[in-house]
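A.B. asks: Quick one: the structure is below, and I'll ask about it shortly.
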Amino acid sequence: MTLPGSPHIAYRDDDLFIEGCSVAELGQRFGTPLYVYSRASLLGALAAYQRALKGRDHLICYAMKANSTLAVLQTFAQAGCGFDIVSGGELERVLAAGIEASLVVFSGVGKTRAEMRRALEAGVMCFNVESEAELEVLSRVASELHKTARVSLRVNPDVDAGTHPYISTGLKGNKFGVAHERALACYQRAASLPGLQVVGIDCHIGSQITDTGPYLDALDRMLDLIEQVEAAGIPIHHLDLGGGLGITYTDETPPSAELLVKGLLARIDARGHGHRKIMFEPGRSLVGNGGVLVSEVLYLKPGAEKNFCIVDAAMNDLMRPAMYEAWMKIVACQLRPEAPTNFDVVGPICESGDWLGRDRPLAVQAGDFVAVLSAGAYSMSMASNYNTRGRAAEVMVSGDQAWLIRDREEAADLFRGEHLLPRR
């Protein structure tokens, strides 16, 4: 059976392995639902970016919203990554992982004053500012603290990334970034405000992009803008091209990170901007194919129109199918000789939208384990406690070793901090 994504997740005879560990044995050892990540897969995906950027002044800032588990952050920090955050909570995660705030760029359209203060006090590298109003507020907050906020404007280039509308971020109708036609005026305003120092320009056009064309279109618009801004006397030190490179869930064929980055660098050099520091913010492309969600088959329920495979993972564990109707490959962890049956793979939650996959051919019985592949990104990080369900445990694998990196939530964890009313 051909599996999408990471070469570190494959069958050995009839057993699914992640690196040197049997996935079924991990399910038995740690319980399910269970997220499992391949450390080699994460580092291999990062290495592709690093090879393409070798010899250049650069920083790869992992977009941690894709997967913010501390051990994942630690893995990338040890390999030389910076970090792209979108909330104060993500900043606290970075710091809890022992990472310097000077490696952090702070993105996001709705930064609060409290988040700005905390980020300034911690010493983040840069704020990716997304509106004119945010510039004014950040200036006031920085001035009150007698600090200087280094800023990069996130510019919306109005480029169609050709992806799902929920994860498109670079069109006029999206909430992200400063409109391209307003960008020069915004840079001039930023340069005039106290407490701010302009250091760069940022662009991010979407997620799960499988074509280099939109990146090159956005890059050309950014380079045009850099030339206008510097002609107005405002130096731009770094060019941040965001992330968004897609991965393989089924039959997608995104360009490799090396091919994409080399193409962008060639365009940058051809236009005379090769001296600038280059930054990227990959998320999904670093972690997506390196993770699986392991789940136990609870019941097989044949029906007049549908056959259901009811598993112990649910939409609270993996939101992507319910939210985006995302297709993610589901396989048996141990292959059986009998012919497969088409099942809708569904969870225990009291919603008809609680499904992980529809019409999937599986040869399974109650008690078997199945794995949802390419579940390293936007999976655990989007998990919830709906139906008062504890979030899954997480495991990191390296070779034949496996470490528990997040405990399974127990019921008491879910209502800790809640308070009953006084008795009357």
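The values are calculated or read from the model by the stated rules, or taken from the named source; none is laboratory data. Values in this document were obtained by computation on a predicted structure and should not be read as measured data. Backbone-built Cβ (ideal geometry, glycine too); neighbour counts: all protein chains shown.
A.B. asks: Suppose we filter V331, V294 for residues that are in contact with a Ser or Thr (Cβ under 8 Å, 6 or more places away or on another chain), part of a strand (DSSP E or B) and either touching a residue at least 24 places away in the same chain (Cβ under 8 Å) or at positive phi (or both); which single one remains?
C.D. replies: Just a single option satisfies the conditions, and that option is V294.
A.B. asks: Among what's in the range 9-29 and is in contact with an Asp or Glu (Cβ under 9 Å, 6 or more places away or on another chain) and closer than 19 Å to S379 by Cα, pick the residue that is surrounded by the fewest Cβ atoms within 10 Å (Cβ to Cβ).
C.D. replies: Result: G27.
A.B. asks: Hey, another quick one. Is it the case that the range 265-272 has a residue that's assigned by TED's automatic domain parsing to the domain that holds L225 and buried (at least 24 other Cβ atoms within 10 Å of the Cβ)?
C.D. replies: No: zero hits.
A.B. asks: Would you call I234 at pLDDT 90 or above and of a type in the set (A, V, I, L, M)?
C.D. replies: Spelling it out, I234 is indeed at pLDDT 90 or above and of a type in the set (A, V, I, L, M).
A.B. asks: Got a number for residues in the range 298-323 being acidic (D, E) and crowded, with 16+ Cβ neighbours inside 10 Å?
C.D. replies: Number of matching residues: 2.
A.B. asks: Hey, can you tell me all the residues within the range 118-154 that are surrounded by fewer than 17 Cβ atoms within 10 Å (Cβ to Cβ) and either part of a loop (DSSP other than H, G, I, E, B) or among the acidic types (D, E) (or both)?
C.D. replies: The answer is E121, G123, E132, E136, E144, L145, H146, K147, T148.
A.B. asks: Here's something else I'd like to know. Could you please give the count of residues in the range 10-57 that are under 20 Å from the mean Cα position of the chain (by Cα) and of a type outside the set (G, A, S)?
C.D. replies: 10
A.B. asks: M279 - would you say it is surrounded by 15 or more Cβ atoms within 10 Å (Cβ to Cβ) and closer than 19 Å to G5 by Cα?
C.D. replies: Answer is no for this residue.
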